[in-house]
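Read-outs: derived from the displayed coordinates by stated rules, not from any lab. Since this is a predicted model, take the numbers as computed values, not measurements.
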Amino acid sequence: MSSSGRRGTVGGGQPVEQPCLGQQGESVGHPPVLGHLTVPVPHAQAIYRALAAPGVYRELVEESGWTPGDFEHWVADTLQRDLMTPDDAGPGLS
């Protein structure tokens with residue numbers, strides 16, 4: 001696995017690598033995520049959409065002075081902390 005990927009699980013709990021891409025499709029260099037989702041995939045997708053919504057980005061980056069990188073790291077850290085278990089904790093829901 002590359003250092004610019006993220007790994008989680010989908011479907012039957014199989015680990016998958018998810019690339020970390022910035023707004024222009026470039027790798028943003030986040031460390032890999034090892035673990036399993038603790039919620040069903042549709043729930044995790046809805047949380048991601050809420051965190052990464054254009055209004056949230058605008059509020060934090062354009063109006064509050066965060067850098068785009070700060071925003072990307074905050075979204076990634078929040079998703080990992082709230083939706084993933086550590087890799088050695090066993091499979092979660094998928």
Stretch gain in nm, segment H73-R58, where the contour uses 0.36 nm per residue and the Cα spacing is subtracted: 3.9 nm
Enumerate the amide H contacts of M84 below 5 Å, restricted to partners 5 or more residues apart or on another chain; note that Pro and chain-start residues carry no placed amide H. T38
